[in-house]
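One structure is given here, and the rest of the page talks about it.
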Amino acid sequence: MKFLSFFISRLGKALTVVLGVVILNFFMIRLAPGDPAAVLAGQAGAGDPAYLAALRAEFGLDKPLLTQLGLYLKGVLQLDLGYSYRNHVPVLDLILERLPATFLLMFCAFVFSIVFGVLLGVIAAKARYNNKRRWIDSSVMTGALLLYATPLFWLSLMGILLFSVLLGWLPAFGMETVGAGYTGWARVQDISLHLILPTVTLGCFFMAVYVRLTRASMLEVIGMDFVKTARAKGVSPNRVIRTHVLRNALLPVVTFAGIQLGQMAGGAVLTETVFAWPGIGRLMFDALLQRDYQLLLGIFLVTSVMVVAFNLLTDLLYRLIDPRISADSQGAAA
């Protein structure tokens, strides 16, 4: 019952945050320069004031701002995110069409970054603890620092130049080969090849963060009394690292991973743009250039829900990693 109460409380706070983000995004979009009606009129080659007025009336841009907000919130509650005047399809349909590609990229980049980040962090921490292998620690931390300091767009472009242009090992753009007509396992292989470069370039930055965080957390736990006691009892070094040190050191990593998932959605915008990956990140970039207000608001809403859901999931994962953390203590920390 305590856990259920905690979950309901956290869910209520999450919904409140989403509502606040929706309202804030609505006003910020309206404050941005540019008129979607003027953009549409320019594309149609018509600058007649009567035509502009008709377009503004058609998309509800002639109503007072608070009235537009009320209509938008009513639509959100009914899962109606509006209509994309540029793409001529409902916003929700357009987002749901692109969302699987973004989820695939984010999932692969997250798994890549967390697995290799924690693994390299453990190697660096063990090497640091063992004075004879400190050069391994220095090499890992130097590489992590370089990846952290390297701009994402530069890493993406260098990856394309090296592995696609010079070596020809990997495709540079898109999610699959256009016109190939692959099906079954052949299509899975084709998508996997297109996925490698975006996954690695997006995951490298976050991997560098996990390396440094895992190493610092493990070195802190290694010096605690319960670890010294386990060593004194004759527990093997590998078991001490795996059972006593790593499990406790993963708590801050999991906390940070939940936050980084939201940031990864933002990084996917640039990655999808560079690699022409057909996800919501590239869709948001196109909607911004086209002043497609409804589509932008829909994408902001979906990404906000994703971030809040990831944070809520992170809180729930605490109990799986360390059962000593009770729901009450989680609620107090929240």
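The values are calculated or read from the model by the stated rules, or taken from the named source; none is laboratory data. Keep in mind the model is a prediction, meaning the values are calculated, not measured. No Cβ is skipped: glycine too gets one built from the backbone with ideal geometry, and neighbour counts run over all protein chains shown. Accessible surface areas use protein heavy atoms only, side chains included; no ligands, DNA or RNA. Shrake-Rupley method; radii C 1.70, N 1.55, O 1.52, S 1.80 Å.
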Say R0 is 41 Å: what FRET efficiency, to the nearest 0.05, do R247 and L99 get from their beta-carbon distance? 0.75
Testing the spin-label approximation: label points 7 Å from Cα along Cα→Cβ at N87 and I136. State their distance in nm. 4.8 nm
Please work out the FRET efficiency for the pair L65 and L313, using the Cβ-Cβ distance as r and a Förster radius of 41 Å; give the result to the nearest 0.05. 0.70
Quick calc: nm separation of the 7 Å Cα→Cβ label points for L288 and L31 -> 1.7 nm
Within-11-Å neighbourhood charge of R98 [Cβ basis; K, R +1; D, E -1]: -3
Ignoring ligands and nucleic acids, what accessible area does E97 show with a 1.4 Å probe (Å², nearest 10)? 130 Å²
Count charges around R86 for me, please; just the other residues with Cβ under 11 Å from its Cβ, Lys/Arg as +1, Asp/Glu as -1. -1
Run the accessible area of segment 189-315 with a 1.4 Å probe and give the carbon-and-sulfur part as a rounded percent. 65 percent
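Express in nm, to one decimal, how much length is gained between A57 and F173 on full extension, taking 0.36 nm for each residue of separation and deducting their alpha carbon distance. If you can, show how the numbers build up before the last one.
Details: separation 116, 0.36 × 116 = 41.76 nm, distance 3.96 nm.
Between A57 and F173, full extension yields an extra 37.8 nm.
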Residues meeting the amide H criterion for Y83 (H placed from the backbone, H to H distance under 5 Å, 5 or more places apart or on another chain) are V91
Modelled label-to-label distance, F226 and I8, 7 Å Cα→beta-carbon offset: nm? 3.2 nm
Percent accessible area from carbon and sulfur atoms, segment 67-155, protein chains only, probe 1.4 Å: 68 percent
Rounded to the nearest whole Å², what accessible area per residue is found for segment 96-321 with the 1.4 Å probe? 50 Å²
